[in-house]
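**Student:** What follows is a structure written as structure tokens; I'll ask about it next.
The values are calculated or read from the model by the stated rules, or taken from the named source; none is laboratory data. These numbers come from a predicted model, not from an experiment. All Cβ positions, glycine included, derive from the backbone under ideal geometry; neighbour counts span all protein chains shown.
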Amino acid sequence: MTKQPDADMDKGGAAEEALRLYFQQLGAFVVRGIKVRAGKDHVTDIDLWVYTRASVHARHIAIVDIKNKKRAKGYERLIWLKGLQAAVGADEAIVATTASKEDLAPFAKRMGLKLLSSQVFKAVMARYSDASDRLASEDLEKMWRSVKLEGSETLAARMESNLVEIGLGLSFTALNIWIDEAAKLLVHSHDHERVPAAVARAVLLCASLVAIAADYVGRSTAFGDPESRRAYFREGLVFGNAADGAASRYLGFAERVATDYLDKTGAAAATIRSGFQRAVENLPIGPFIDFFSRPAAGRELIEAAIQLEAAAFARAAPNLAGLAPEAKTIIGLLIDYAGLDRRKFLRTPDQTISQTSHADAAGREEPDSNPKGDGPTGGESKASDIRSETAKTTLETLTDKKKGPDGFLL
């Protein structure tokens, strides 16, 4: 039985949801409804953003424009989509249209675009329009609009801003932003949600973006030795950019100043370098560096991203303790980074019931509970920012699945 569109979802939204499921069935990580901005101006939207792990060292990003209208302007949309592809740096652009009177294939090929014909589009709609186990983006946004964060800002507005970063490109800058945002939202969920709800779903989606960004920026070091990978992620997470050797330049400058003006023996310079390395190891991002630089991190990260996104949109209430090992590892790292107790979030329902019963019997409240959410905890201050080859086509099915290990990956 075909699922009826949500009251807040038009036919275009239903088509986007069906195609999102289609690409997800091919093993891709998909985000729907990304706003593209130039400064503070809203330029346009990306209907679907599709991320695929093509090989150990190659990733493939495609954008999809979907027009489910009787009078879709096919040729104009092709030209427009080509420009959008260049603006967001996508490897491929796909247009899905119901326009059957126009033969768009020759023009699409001339523009270097992929075309999902009206026949294929309708077949996808017929097969994937039923997603009874998933919430639509409209459902999630409706939940988020009812949650106030700071001042008059809603959770929906915050998440819209977080998704805007995708259109700017996957980078260490985006990775750092999503780590900080996920940590802040974890603190808010800890303080204001008796059980995981709308904010926890936002945490899961931000965590999926953390995994995707880490996978993308780490692709260039896939064949590097462990120490070079650690250095790469250390520079990127601390300074926001690992490609230009920012950390080496800053350290070199400090060492030269110390040698020229303080201690010409070089002892002060050596102290500066060793002190910097110790300080980095003690930063809350240290566990992220360790995990992201693992040799098998790429496959684990893409699997974690897909699992976290599915949990964010699941109709069932969020259950962080029930996540798969890869996803739970990312959540655990974020909880530690936020300065919170993992037991608060990763406790199983049975454990919660047992501890609550013991607490009632002892005539006291459960130590980790915060039912009313009256204000911040010490974790909030710890969630502050730490810094102010060829690709397969997206339409190919990825079959090289790997079963994750039992328990935590770390």
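**Student:** Is there a residue being in contact with a Lys or Arg (Cβ under 9 Å, 6 or more places away or on another chain), crowded, with 21+ Cβ neighbours inside 10 Å and more than 19 Å from ILE302 (Cβ to Cβ) anywhere in segment 204-223?
**Tutor:** no
**Student:** Restricting to segment 313-346, name every residue that is crowded, with 20+ Cβ neighbours inside 10 Å and under 20 Å from LEU175 (Cβ atoms).
**Tutor:** Correct list: GLU326, ALA327, LYS328, THR329, ILE330, ILE331, GLY332, LEU333, LEU334, ILE335, TYR337, ALA338.
**Student:** Next question. Give me a count of the residues in segment 141-158 that are part of a helix (DSSP H, G or I) and over 21 Å from ILE177 (Cα atoms).
**Tutor:** The total comes to 3.
**Student:** If you scan segment 127-140, which residues turn out to be part of a helix (DSSP H, G or I), surrounded by 16 or more Cβ atoms within 10 Å (Cβ to Cβ) and of a type in the set (Lys, Arg)?
**Tutor:** Answer for segment 127-140, where residues must be part of a helix (DSSP H, G or I), surrounded by 16 or more Cβ atoms within 10 Å (Cβ to Cβ) and of a type in the set (Lys, Arg): there is none.
**Student:** Would you mind stating whether GLU235 is assigned to a helix (DSSP H, G or I) and modelled with pLDDT under 75? Show your work before the answer.
**Tutor:** On the way: assigned to a helix (DSSP H, G or I): yes; modelled with pLDDT under 75: no.
No.
**Student:** Within segment 251-274, take every residue that is among the β-branched types (Val, Ile, Thr) and within 41 Å of the chain's Cα centre (by Cα) and give me the one that is modelled with the lowest pLDDT. Working first, answer last.
**Tutor:** First pass over segment 251-274, keeping only residues among the β-branched types (Val, Ile, Thr): 257, 259, 265, 271-272.
Those left that are additionally within 41 Å of the chain's Cα centre (by Cα): 257, 271-272.
Values: VAL257: 74, THR271: 78, ILE272: 71.
Within segment 251-274, the match that is modelled with the lowest pLDDT is ILE272.
**Student:** Would you tally the residues in segment 58-77 being modelled with pLDDT of 85 or more and either surrounded by fewer than 21 Cβ atoms within 10 Å (Cβ to Cβ) or closer than 27 Å to ALA222 by Cα (or both)?
**Tutor:** Residues of segment 58-77 modelled with pLDDT of 85 or more: 58-66.
Of the ones still in play, those that are also either surrounded by fewer than 21 Cβ atoms within 10 Å (Cβ to Cβ) or closer than 27 Å to ALA222 by Cα (or both) are 58-63.
Total satisfying the criteria: 6.
**Student:** Turning to a different aspect of this structure: If I go through segment 78-106 residue by residue, how many of them are assigned to a loop (DSSP other than H, G, I, E, B) and either surrounded by fewer than 19 Cβ atoms within 10 Å (Cβ to Cβ) or at pLDDT below 90 (or both)?
**Tutor:** Here is the first cut: in segment 78-106, the residues assigned to a loop (DSSP other than H, G, I, E, B) are 89-91, 98-104.
Remaining after also requiring either surrounded by fewer than 19 Cβ atoms within 10 Å (Cβ to Cβ) or at pLDDT below 90 (or both): 89, 91, 98-104.
Number of matching residues: 9.
**Student:** Give me the residue from segment 1-40 that is polar (S, T, N, Q) and modelled with pLDDT of 90 or more and, out of that set, surrounded by the most Cβ atoms within 10 Å (Cβ to Cβ).
**Tutor:** Quick first cut of segment 1-40, residues polar (S, T, N, Q) only: 2, 4, 24-25.
Applying the additional criterion that residues be modelled with pLDDT of 90 or more yields 24-25.
Numbers: GLN24: 18, GLN25: 11.
The qualifying residue surrounded by the most Cβ atoms within 10 Å (Cβ to Cβ) is GLN24.
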